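Q: Sharing a structure with you now.
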Amino acid sequence: MTEQEAVTETIKAEEPRIGAFICECGVNIGGAVDCQAVADYVATLPNVTTAVVNKYTCSDAGQAEIKNAIKELGLNRVLVASCTPKTHEPIFRACVEEAGLNPYLFEFVNIREHCSWIHMWEKEDATHKAKEMVRMGVARAAKLEPLQSSEVPVTNKALVIGAGVTGMQAALDIGDMGFQVYLVEQGPSIGGKMAQLDKTFPTNDCSICILGPKMVEVARNKNIEIMSYSEVEEVDGYVGNFKVKVKHKPRYLNIDDCSGCGLCTEKCPVEVPYTEFNEGIGTRKAIYVPFPQAVPLRALVDKSVCIDCGACSKACERGAIDMEQQETFSELDVGVIVVAAGYQVYDPEPQHEYGFGLYDNVITTMEFERLINASGPTMGKVVRPSDVQPPKSIGFVQCVGSRDKNSNIYCSSFCCMASLKNAQLIKEKYPDTEVYIMYMDMRTPFRMYEEFYNRARDSGIKFIRGKPAEVTETEDHNIIARVEDTLTGEIVNLELDLLVLSVGAVSTESTEKIRQILKVSRAADGFMMEAHPKLKPVDTTLDGIFIGGMTQGPKDIPYSISQGSACAARATRFLAQGKALTEGITVKVDEDICVSCGMCVPMCPFQALSMEEGKLNIISALCKGCGTCAVACPTGALQQSHFKNDQLLAQVKNVFAYGEV
Amino acid sequence: MAETEWEPKIVAFCCNWCSYGGADTAGMGRFQQPASTRVIRVMCSGRIDPLHVFNAFLEGADAVLVTGCHLGDCHYVNGNEKTEVRYQFLEEMLQELGLESDRLHLNWISASEGERFANFIRDVTAKVKELGPSPLKPAGVS
């Protein structure tokens with residue numbers, strides 16, 4: 001018998017002495033549940049040594065009371081009835097451990113989220129339910145057994161998925177802390193959406209002028225390995241020990257030989273009427289460098305339009321072109337993963353919102369960013385698509401694809417400021433242009449944002465509180481927006497040369513793919529979900545995986561960068577410690593009962609089970625403790641620790657009562 | 001409690017990562033629900049054993065809910081696919097036993113779907129209220 005088994009046997013042999021701590025959580029629980037009545041009831045249940053009410057069990061005083069009770073009353077099980085284990089289980093497990101109790105001898109009952117908050121006005125029902133929930137917990141607590149978490153070494157490298165401004169920041173911070181980072185970007189260059197923006201609010205800095213140096217810094221950082229034009233295909237493992245398969249898409253040239261000189265592009269005869277970087281506006285060649293400031297500054301071939309004429313190969317002095325190039329794969333070992341996979345702007349085309357896709361002179365904010373950008377397809381000259389003439393009047397429509405029951409109900413948060421910025425840029429560049437912003441509410445929180453809004457008002461931009469009810473086109477392709485100014489009650493028909501739709505942010509297919517690979521939760525808005533909306537804004541429920549920037553939800557650049565840094569700090573904790581604790585919950589087999597039928601083996605998605613010489617072999621390091629295999633066991637020999645049949649059935653039995661509670 | 005309207009007792013098995021989180025989110029959003037349901041947390045819906053479900057009925061459950069992550073979202077790759085297979089077996093067995101189909105439900109609820117969780121509890125409770133107590137409920141059990 002091992003020491004561990006000996007401890008388990010001792011605990012099992014002892015009569016359970018359960019201490020139940022019922023938390024009022026101020027009025028959060030106490031407002032709906034009569035906690036004293038719950039404690040009085042619980043004190044009458046078998047194996048309960050003490051049952052007390054705390055104002056806040058998680059407070060210092062509450063935790064001290066638990067520790068004291070363990071020592072003074074000789075408790076060997078602790079039950080706390082308060083909030084969700086998702087946030088507070090680790091706190092109480094640590095608390096009982098400090099008092100010398102195995103952390104797995106702690107039982108949590110959620111009488112807040114699952115009781116007081118959902119029966120706020122049914123005090124009698126809520127109290128009755130809370131009593132029963134705690135009764136279930138007491139029954140389970142009596143059956144709990146001590147378990148050991150094991151310490152695993154952490155591979156001191158990080159993976160950052162997505163090299164937009166958030167991912168770049170995370171990679172830089174982790175790199176600067178001395179750890180190696182793989183920065184995987186699906187596009188041919190790092191930089192993300194910020195590289196496409198013209199100016200940034202509220203300072204109107206040129207976006208690429210502040211981002212470009214950061215991109216170079218990333219490339220120069222010795223600890224960062226950029227994997228551009230690459231995608232994460234598979235992720236396996238757990239905190240500290242992730243195995244990642246990365247696909248490198250073929251650029252059809254050798255990235256080490258290419259210098260990004262552009263000679264190949266000059267010679268390429270294929271002109272493509274589409275540019276990714278310029279939101280489709282303008283043309284590029286079949287072989288092209290994504291944009292002048294691209295990092296890495298390397299070309300790539302668009303094979304879907306290439307005619308294999310060989311002109312690029314002849315032009316390339318360094319012999320970099322390789323039309324036979326195949327996709328390759330890398331296997332990476334990393335300890336932590338930061339996801340900053342980004343977003344896309346809402347596409348108004350399928351619904352033809354405000355005539356988008358029907359009328360040439362209705363464009364999106366991102367298209368406008370490229371039009372007004374000095375290195376954009378028009379060299380910064382704002383023209384309208386139908387006749388390439390400068391518009392004399394421009395309207396911006398806010399909340400397109402945001403705050404709309406027909407598309408997305410959330411606020412995308414950056415679009416008000418983006419339109420205020422773009423409207424001001426127009427006024428600066430072409431002071432005679434009439435500029436209108438049609439909005440529901442202008443939302444401008446944070447430092448210097450409201451001031452920015454006031455400046456826009458002072459500059460002569462006209463604000464109309466209302467969104468167009470109807471958008472039509474005149475014969476000369478002007479746009480008529482029929483809109484009610486809800487502040488005056490007046491209905492106006494604005495004739496505009498150009499209408500810019502201030503589109504919101506949505507998650508992307510590629511981000512969704514990564515979410516599914518990593519099994520991060522999805523929030524109702526389609527973005528990835530953090531572990532806690534306030535306390536753990538960049539953590540996920542998965543140890544060692546962090547999310548930041550637009551991946552977590554719409555936000556502006558400063559907020560994204562903060563989250564990038566936050567992800568780096570949270571992730572580096574594991575790398576710096578060099579070790580992580582794994583969950584003690586695994587499956588174990590009772591060899592005396594196991595009949596070696598092997599039914600459980602195919603149930604395990606992690607290959608933790610195998611039959612060897614007629615005996616079931618469990619590799620605990622691979623077991624993630626889901627318990628799916630235990631269900632398949634016909635004899636009950638295979639049990640998931642902490643969720644054993646007798647523990648669950650004790651809970652089931654105690655849902656019900658004979659007579660009055 | 002005795003004089004008030006009969007409230008069914010429903011046992012809901014929830015997986016740690018999705019549906020338990022959905023129940024939490026329902027709480028955070030203060031989506032009010034009938035006090036009919038008792039949640040039992042397991043790590044994965046794949047841990048929900050038909051044995052647990054039958055036991056719940058035999059102990060007195062008026063309905064049992066089997067819940068987990070949406071297909072494709074399982075924290076343990078495909079535990080919920082196994083749940084689905086086992087659920088089909090359960091459904092057939094309960095039919096054989098003569099239990100009404102509204103007493104057993106399978107639902108995939110993500111951690112963000114608080115409102116969905118609350119609506120689910122409301123709907124099932126209303127249906128079971130119409131059916132009345134389970135015929136398998138032992139006498140004297142509440």
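Q: Exactly one of these conditions fails for A:GLU97: (1) free of Cβ contacts under 8 Å to residues at least 12 places away in the same chain; (2) farther than 29 Å from A:THR8 by Cβ. Give me its number.
A: (2)
Q: Would region A:426-449 turn up any residue that is over 21 Å from A:LYS199 (Cβ atoms) and in contact with a Phe, Trp or Tyr (Cβ under 9 Å, 6 or more places away or on another chain)?
A: Taking every residue of region A:426-449 in turn, at least one turns out to be over 21 Å from A:LYS199 (Cβ atoms) and in contact with a Phe, Trp or Tyr (Cβ under 9 Å, 6 or more places away or on another chain).
Q: Another question, if that's okay. Of the residues in region A:232-250, how many are free of Cβ contacts under 8 Å to residues at least 60 places away in the same chain and crowded, with 16+ Cβ neighbours inside 10 Å?
A: 1
Q: So for region A:529-549 (the condition being at pLDDT below 95, within 11 Å of another protein chain (Cβ to nearest Cβ) and part of a strand (DSSP E or B)), does at least one residue qualify?
A: Yes, the conditions are met somewhere in region A:529-549.
Q: If you check every pair at least six apart or on different chains, which have Cβ atoms under 8 Å apart with a residue in region A:189-203 that is in contact (Cβ under 8 Å) with a residue 40 or more places away in the chain first and a residue that is crowded, with 21+ Cβ neighbours inside 10 Å and acidic (Asp, Glu) second?
A: Between residues of region A:189-203 that are in contact (Cβ under 8 Å) with a residue 40 or more places away in the chain and residues that are crowded, with 21+ Cβ neighbours inside 10 Å and acidic (Asp, Glu), the close pairs are A:GLN196/A:GLU279; A:GLN196/A:GLU369; A:LEU197/A:GLU369; A:ASP198/A:GLU369.
Q: Taking the condition of being surrounded by fewer than 24 Cβ atoms within 10 Å (Cβ to Cβ), at the interface with chain B (Cβ under 10 Å from one of its Cβ atoms) and not in a helix (DSSP H, G or I), how many residues in region A:500-520 meet it?
A: Adding up the residues that qualify gives 1.
Q: Which ones in region A:48-96 are closer than 16 Å to A:LEU144 by Cβ and of a type in the set (Lys, Arg)?
A: Of everything in region A:48-96, those that are closer than 16 Å to A:LEU144 by Cβ and of a type in the set (Lys, Arg) turn out to be A:ARG77, A:ARG93.
Q: Every residue in region A:557-610 that is among the acidic types (Asp, Glu) and touching a helix residue (DSSP H, G or I) at 6+ places or on another chain (Cβ under 8 Å), please.
A: Listed by number, the list is empty, since nothing qualifies.
Q: Mind checking which residues of region B:116-142 are over 22 Å from A:LYS653 (Cβ atoms) and within 8 Å of chain A (Cβ to nearest Cβ)?
A: Scanning region B:116-142 gives a single hit, B:ALA118.
Q: Looking only at region A:590-635, filter to residues that are among the β-branched types (Val, Ile, Thr) and surrounded by fewer than 20 Cβ atoms within 10 Å (Cβ to Cβ); which one of those is farthest from the other protein chains (Cβ to nearest Cβ)?
A: A:VAL595
Q: Let me ask another. Taking A:GLN647 as meeting all but one of (1) within 11 Å of another protein chain (Cβ to nearest Cβ); (2) in contact with a strand residue (DSSP E or B) (Cβ under 6 Å, 6 or more places away or on another chain), write down the number of the exception.
A: Answer for A:GLN647: the failing condition is (2).
Q: Looking at region A:448-473, I want the residues that are surrounded by 16 or more Cβ atoms within 10 Å (Cβ to Cβ) and have a partner that is assigned to a strand (DSSP E or B) and of a type in the set (D, E, K, R) with Cβ atoms under 8 Å, at least 6 apart or on another chain. Which pairs are those?
A: A:ILE464/A:ASP485; A:ARG465/A:ASP485; A:GLY466/A:GLU484; A:GLY466/A:ASP485; A:PRO468/A:ARG482; A:VAL471/A:ARG482
Q: Name the strands (runs of 3 or more DSSP E) wholly within region A:204-256 that hold at least 1 residues that are in contact with a strand residue (DSSP E or B) (Cβ under 9 Å, 6 or more places away or on another chain) and more than 20 Å from A:LEU518 (Cα to Cα)?
A: Output list reads A:224-227.
Q: Right, another one. Given the options A:ALA130, A:ALA141, name the one that is at pLDDT 95 or above, in contact with a Cys (Cβ under 6 Å, 6 or more places away or on another chain) and not charged (D, E, K, R).
A: On inspection, the qualifying residue turns out to be A:ALA130.
Q: Within region A:70-87, track down each residue that is at pLDDT 95 or above and closer than 28 Å to B:GLN33 by Cα.
A: If the condition is that a residue be at pLDDT 95 or above and closer than 28 Å to B:GLN33 by Cα, then A:LEU79, A:VAL80, A:ALA81, A:SER82, A:CYS83, A:THR84, A:PRO85 are the ones that fit.
Q: Can you say whether A:CYS25 is of a type in the set (A, V, I, L, M, F, W, C), part of a loop (DSSP other than H, G, I, E, B), more than 22 Å from A:LYS123 (Cβ to Cβ) and touching a helix residue (DSSP H, G or I) at 6+ places or on another chain (Cβ under 9 Å), as far as the supplied structure shows?
A: Taking the combined requirement at face value, the residue does not satisfy it.
Q: Moving on. If only one of A:LYS157, A:LYS222 is buried (at least 19 other Cβ atoms within 10 Å of the Cβ) and basic (Lys, Arg), which one is it?
A: When all the criteria are applied, what remains is A:LYS157.
Q: Which of the residues belonging to region A:115-172 are of a type in the set (S, T, N, Q) and either within 13 Å of another protein chain (Cβ to nearest Cβ) or part of a helix (DSSP H, G or I) (or both)?
A: Of everything in region A:115-172, those that are of a type in the set (S, T, N, Q) and either within 13 Å of another protein chain (Cβ to nearest Cβ) or part of a helix (DSSP H, G or I) (or both) turn out to be A:SER116, A:THR127, A:THR166, A:GLN169.
Q: Please find, within region A:304-318, the residue that is modelled with the highest pLDDT out of those that are outside any helix (DSSP H, G or I) and in contact with a helix residue (DSSP H, G or I) (Cβ under 8 Å, 6 or more places away or on another chain).
A: Only one residue tops the list, namely A:CYS316.
Q: When region A:89-107 is examined, which residues are found to be surrounded by fewer than 23 Cβ atoms within 10 Å (Cβ to Cβ), within 14 Å of chain B (Cβ to nearest Cβ) and out of contact with any Phe, Trp or Tyr (no Cβ under 7 Å at 6 or more places or on another chain)?
A: A:PRO90, A:TYR104
Q: Continuing with this model, one more query. Within region B:93-142, work out how many residues are within 13 Å of the chain's Cα centre (by Cα) and under 20 Å from B:GLY27 (Cα atoms).
A: Qualifying residue count for the region: 12.
Q: Between residues in region A:498-521 that are without any contact (Cβ under 8 Å) to a residue 12 or more places away in the chain and residues that are part of a helix (DSSP H, G or I), which pairs lie under 9 Å by C-beta distance while being six or more apart or on different chains?
A: From residues that are without any contact (Cβ under 8 Å) to a residue 12 or more places away in the chain, there are no pairs.
Q: Considering only region B:1-106, give the strands (runs of 3 or more DSSP E) lying wholly within it that have at least 3 residues that are within 27 Å of A:GLU107 (Cα to Cα) and within 11 Å of chain A (Cβ to nearest Cβ).
A: It comes to B:10-15, B:37-42.
Q: Here is a follow-up. Take the conditions in contact (Cβ under 8 Å) with a residue 12 or more places away in the chain and within 39 Å of the chain's Cα centre (by Cα) and apply them to A:LEU253. Does it pass?
A: So A:LEU253 passes the test.
The values are calculated or read from the model by the stated rules, or taken from the named source; none is laboratory data. Values in this document were obtained by computation on a predicted structure and should not be read as measured data. Because the Cβ atoms are built from the backbone with ideal geometry, glycine has one as well, and the counts that use them run over all protein chains shown.
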